[in-house]
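Please read the structure below before turning to the comments.
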Amino acid sequence: MYTAETGVPVKVVTASAGTYNQQLTAEMDKAAPPTLFVIGNTAAARDWADYALDLTGTPIEAELNTDAYNIYDESGKLVSIGYCYECYGIIVNPTLVEKAGHKVEDIKDFESLKTVVEDIHARAAELGFDAFTSCDMDSSSSWRFTGHMANLEYYYEQEGKTWTECPPELTGKYMENFKNLYDLAINNSLTAPTALANGGHDASEEFRSGKAAFQVQGSWEYEGLKEQVPNAVMIPYYCGVEGEEKAGLNCGTENCWAVNAKASAEDQQATMDFMVWCVTNPEASRKLVDSFGVMPYKSAAESTNTFLANANQYAADGCYVMNWATNFQPNVDEYRATLVSALNAYNADQSDANWETVKTAFVQGWAVQYKAVNG
Amino acid sequence: MKKNKQIGGSTIHVATRRWWPLFLGPVVAAFIIGFVWPFFQGIYLSFCSFKTVSNATFVGLQNYIKAFSDVSFRHAFWYTALFAVTSLVIINIAAFAVAYALTKGIRGSNLFRTVFFMPNLIGGIVLGYIWSMIFDGILSRFNTSIMVNAKFGFWGLIILVAWQQIGYMMIIYIAGLQAVPGDILEAADIDGATGWQTLFRVIIPNVMPSITICMFLSLTNGFKLFDQNLALTAGQPFMIQPDGTTVKQTEMLALNIYNTFYTSSVASQGTAQAKAVIFFILVAGLSLLQLSFTRKKEVQQ
């Protein structure tokens, strides 16, 4: 579309799932390296800062309507800027909740969530649907817990002082709260906790087809389920923290553009033009918003996604937005793989000893991976 | 006529003598670009700290010190050694047994040979995923998974490579068994040797070259195993130490190197490179040792 309009050729290279870093490492070595690439979190910012142009004062920065999704490196250089953002929490099917004799509006904190969830699970056979969808621990699903749900612990651990860089260690102060919600999800779902390690259940399909009323998911699910569950809403991670009636959704992004600092000035300008076009052109931004959710730019198209509207509504009602502290996870693939291993053992046998191991992987594992990355 | 032919013949001969580099060139060039050059660059990089290979700084032996002091690397080494030896024994015994049975003139032995050889045609990653589904299907009935128990991971991988490689080794053994001279067997028969005596005193010494090749192949295959390891367990389950460090219980050497390179920091890419060089020396050394050891036992006809 851009090439047709402006005559400037655009070449896109796509990495297969989970291999973005490998692909980028290989592409950067070539004679014609990519001019536009993704730096999604501070870890990547550290690795790729040398290759990223400082975006401060550029035309694309001028188009932003918030600086909440900018990523800076240690020296304060603006290495990448968000081109869309998303939110996650617990997706609810209000029709099913009402069928079970409850109201979504009544869910205001962990206690009320627990009451509804446990009631539905207990009467699952009679109702014909369960509370939570399957909480698989295979690689296609485990990130919903090790990446997303874990965010509640990190978020509260910040104690209001938002991290600007990865802390060297965690205290694990809110591990009990993570356990609250995690236990609730795995023990009140369609699939028994002992059968989660293998994976193979399609949680999204379970939610779409009305087999379960709750799913731990994000705003990107909206496109897939708006036909079957048009009235689906998203509620925050209620986990038993003081004052959580005022909690909002988890908002953030890992989709941030960076411009190759080692490219020629001409190529950088062409890249800049392309970025500005993406966020200002009505047709282009419409397309991007429809596939990405919402874009933090002044002239970009409006979002049609209910979950993102929920996120906005919570914020408008004065609830606190839970930032994606999870993006600071050091050496993220290793950290999460370790957590999955510990959670597998815990799911198989929910003993205190096994939960201690989960805690170790969660808290001490953070420090270990922090050291691995930062030497 | 005769004269012409001679002239033509010697012209071709002279031309071949003069132009041979032209014909050898493409292969040599491909070999240098695809193998020799990366190999030496790899060795050089093991002494460097780097993010992209075109931008490396020399750091001396630091990478090697880090590699040897890495607990997970040492664990992966012993795990791989155990795996290689176990798979070597199982694969070779089974392959020899199958080959022996299929050279006894069983009906449809050609069909059996084809069937046994088939798994070898499927790629490692695909096999890994297929078998993980099979194992998961079985283990989920017992409410467990290959991802939660390291023993399942080990034997699962053994079953997988056995299934994959027995057919291949079998073909080599069949060729070896068919080459055993009939008169020797006949002589053994006339001398009154029992079946077992014929097998151990006559047949096995005569197929020693095949045994050498098969053991060599299965030992190096065991050490170099990567795809199947990645697809089946990817190192799960991890042993999580109280200080938060982990040892991946089913991670083999090649996967350990890969993980060191891709999932850790910039500083560890050189370490991964050093591990790869150590790995090469190890596999090459072991194979040469094994080769010279079995060569001594071969019988010259």
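The values are calculated or read from the model by the stated rules, or taken from the named source; none is laboratory data. What you are looking at is a predicted structure, and each value in this text was computed from that prediction instead of being measured. Backbone-built Cβ (ideal geometry, glycine too); neighbour counts: all protein chains shown. Heavy atoms of the whole protein, side chains included, go into the accessibility calculation; ligands, DNA and RNA do not. Shrake-Rupley method; radii C 1.70, N 1.55, O 1.52, S 1.80 Å.
Suppose R0 equals 25 Å; then what is the FRET efficiency for A:N65 and A:Y2 from their Cβ-Cβ distance, rounded to the nearest 0.05? Rounded to the nearest 0.05, the efficiency is 0.65. Working from label points 7 Å from Cα in the Cα-to-Cβ sense, the A:N21 to B:F23 distance is 5.0 nm.
Only protein heavy atoms count here; on that basis, with a 1.4 Å probe, A:T306 has an accessible area of about 40 Å².
Is the shape of the stretch A:238-375 rounded, prolate or oblate, going by the alpha carbon gyration tensor and its root eigenvalues a ≥ b ≥ c, with a/c under 1.5 for rounded and a/b larger than b/c for prolate? Oblate shape, in that a/c is at least 1.5 and b/c is the bigger or equal ratio.
Using Cβ point charges alone (K and R +1, D and E -1), the dipole size of chain B about the Cα centre works out to roughly 960 debye. Annotation for the stretch B:230-255 versus the stretch A:80-98: alpha-carbon center distance of 33 Å. Heavy-atom surface analysis with a 1.4 Å probe gives chain B a carbon and sulfur content of 70 percent of its accessible area.
Shielding of peptide A:333-340 by partners, expressed as the average count of other chain Cβ atoms within 10 Å per residue Cβ, is 5. Taking trypsin sites (Lys or Arg not before Pro) in DSSP loop conformation with at most 16 other Cβ atoms inside 10 Å as exposed sites, chain B has its longest uninterrupted site-free stretch at B:108-295. Within a straight-line Cα-Cα reach of under 21 Å, B:K151 can be paired with the following lysines, leaving aside sequence neighbours fewer than 8 residues apart in one chain: B:K224, B:K248. Scalar couplings 3J(HN,Hα) for the stretch A:298-303, obtained by applying the Karplus form with A = 6.51, B = -1.76, C = 1.60 to θ = phi - 60°, are 4, 9, 6, 5, 6, 8 Hz; x denotes Gly and Pro. Computed from the C-beta positions of B:T194 and A:D202, the FRET efficiency with R₀ = 56 Å rounds to 0.40.
Per atom type, the stretch A:171-254 shows carbon and sulfur on 46% of its accessible surface, probed at 1.4 Å. Accessible area per residue for the protein assembly as shown, computed on protein heavy atoms with a 1.4 Å probe, is 48 Å². Loop-located trypsin sites (Lys or Arg not before Pro) in the stretch A:135-209 (DSSP state not H, G, I, E or B) with no more than 11 neighbouring Cβ atoms inside 10 Å: A:K161. Classify chain B from the C-alpha gyration tensor, please: rounded if a/c falls under 1.5, else prolate or oblate depending on whether a/b exceeds b/c. Oblate is the answer for chain B, as a/c is 1.5 or above yet b/c matches or exceeds a/b.
Taking 0.36 nm per residue of sequence separation and subtracting the Cα-Cα distance, how much length would be gained by fully extending the chain between A:E245 and A:A31, in nm to one decimal? Stretched fully, the A:E245-A:A31 segment lengthens by 71.6 nm.
Taking 0.692 mPa s as the viscosity and 37 °C as the temperature, the Stokes-Einstein diffusion coefficient of the protein assembly as shown based on its alpha-carbon Kirkwood radius rounds to 113 µm²/s. Can you give the accessible area of B:M133 in Å² (nearest 10), computed on protein heavy atoms with a 1.4 Å probe? The value for B:M133 is about 130 Å².
Label sites at A:D352 and A:W163, each approximated as a point 7 angstrom past Cα along Cα to Cβ, lie 2.9 nm apart. A:L53 contributes about 40 Å² of solvent-accessible surface, heavy atoms of the protein only, 1.4 Å probe.
Solvent-accessible area lost on pairing A with B (1.4 Å probe, both sides summed) amounts to about 2400 Å².
For the stretch B:122-169, the alpha-carbon coordinates run over 35, 18, 14 Å along the three principal axes, in decreasing order.
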